[in-house]
1. Are there any pairs, at least 6 apart or on different chains, whose C-beta atoms fall under 7 Å, with the first in the stretch 197-216 and in contact (Cβ under 8 Å) with a residue 24 or more places away in the chain and under 14 Å from Ile148 (Cα atoms) and the second outside any loop (DSSP other than H, G, I, E, B) and of a type in the set (Asp, Glu), and if so, which?
2. Looking only at the stretch 47-84, how many residues end up being over 17 Å from the mean Cα position of the chain (by Cα) and free of Cβ contacts under 8 Å to residues at least 60 places away in the same chain?
3. Can you work out which of the residues in the stretch 219-238 that are of a type in the set (Asp, Glu), closer than 14 Å to Ala147 by Cα and in contact (Cβ under 8 Å) with a residue 12 or more places away in the chain is surrounded by the most Cβ atoms within 10 Å (Cβ to Cβ)?
4. Within the stretch 1-50, how many residues turn out to be of a type in the set (Ser, Thr, Tyr), at pLDDT below 85, out of contact with any Ser or Thr (no Cβ under 6 Å at 6 or more places or on another chain) and within 21 Å of Lys69 (Cα to Cα)?
5. Check the stretch 86-102 and report whether any residue there is in contact with a His (Cβ under 8 Å, 6 or more places away or on another chain), more than 14 Å from Asn220 (Cα to Cα) and touching a residue at least 12 places away in the same chain (Cβ under 8 Å).
6. Quick check on the stretch 127-141. Is at least one of its residues among the small types (Gly, Ala, Ser), within 19 Å of His61 (Cα to Cα), surrounded by fewer than 24 Cβ atoms within 10 Å (Cβ to Cβ) and under 14 Å from the mean Cα position of the chain (by Cα)?
7. In this structure, is Arg228 within 20 Å of Gln141 (Cα to Cα), at pLDDT 95 or above, out of contact with any Gly (no Cβ under 6 Å at 6 or more places or on another chain) and among the charged types (D, E, K, R)?
8. Is there a residue in the stretch 50-62 that is over 15 Å from Leu102 (Cα atoms), aliphatic (A, V, I, L, M) and not in a helix (DSSP H, G or I)?
Amino acid sequence: MKFFFALIGLLSIPVISLGTNISKELLTSNGKTRAYYLYVPKSIKAANLAPLLITLHGSGHNGLSLVEKWTEIADKEGIIVAGPDSLNSAVWDTPVDGPDFLRDVVEALRAKYSINPRKVYLFGHSGGACFALQIGLLESQYFAATAIHAGALREGVYWLIDYADRKIPMGIWVGTVDPFFPLSAVRDTRDRLTAHGLPVELTEIPNHNHWYYDLAPKINREVWDFLRKNELPADPKYREYQFQDKNKK
């Protein structure tokens, strides 16, 4: 892998206040102004370290689409939830959308709120699910665990498994009739991960298709029950990458 690394300046400012106390925030990452949606429950106390959940939206959506589905559980469990926007809403891509951008969101929030650095989690749906799996492998010592709905690793990125210095726990939820991620592809992802020693929990939802939003309350409850039991064994370590510029030959 060829690498380059760019210094990052951080600037986090609230720009829009949305319903249910969700705000839209901006920060500067790798020289670009980026947006994410943020929900901080009123129950969060400065004296207590809160877990942080980073949600990665599906293709064609934005960060709000997942954050708004997590507010109820966030209130009950005291979770801070942040949903970044991918640069191109149709796709999550490396290096423009991560790992650096996601790290920058986490660090901006840690500078402002009392967050438990050993309990920072990833959750993604569809395109965001595929990206969450990849980021979890690249930054296995930074994120405590990864959970997804409707996603899998493509054949061409299985080599990323070798980058997981820590056997990061992964939870996968998929419908048995998902037209975009058939069970054979999802089970193959599970098998490839477990063959490398990663603990994977696969939940197959009978007669469920790709649509996450109607079942979000039930799925999120199960996802959080999976994520909450995982914690980094030591303070987070972020691995810096220098990715080859795709525009250069």
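1. Pairs that qualify, where the first residue is in contact (Cβ under 8 Å) with a residue 24 or more places away in the chain and under 14 Å from Ile148 (Cα atoms) and the partner is outside any loop (DSSP other than H, G, I, E, B) and of a type in the set (Asp, Glu), are Thr203/Glu222.
2. Residues meeting the conditions: 3.
3. Pass one, the stretch 219-238, residues of a type in the set (Asp, Glu): 222, 225, 231, 235.
Within this subset, residues satisfying the condition of being closer than 14 Å to Ala147 by Cα are 222, 225, 231.
When the remaining residues are screened for being in contact (Cβ under 8 Å) with a residue 12 or more places away in the chain, the result is 222, 231.
Working: Glu222: 17, Glu231: 15.
Taking the candidates together, the pick is Glu222.
4. 1
5. Taking every residue of the stretch 86-102 in turn, at least one turns out to be in contact with a His (Cβ under 8 Å, 6 or more places away or on another chain), more than 14 Å from Asn220 (Cα to Cα) and touching a residue at least 12 places away in the same chain (Cβ under 8 Å).
6. Within the stretch 127-141, one or more residues are among the small types (Gly, Ala, Ser), within 19 Å of His61 (Cα to Cα), surrounded by fewer than 24 Cβ atoms within 10 Å (Cβ to Cβ) and under 14 Å from the mean Cα position of the chain (by Cα).
7. yes
8. Yes: one or more hits.
The values are calculated or read from the model by the stated rules, or taken from the named source; none is laboratory data. As the structure is a computational prediction, the values presented were derived from the model and not from experiment. FYI the Cβ positions are ideal-geometry reconstructions off the backbone, even for glycines, and counts take in every protein chain you see.
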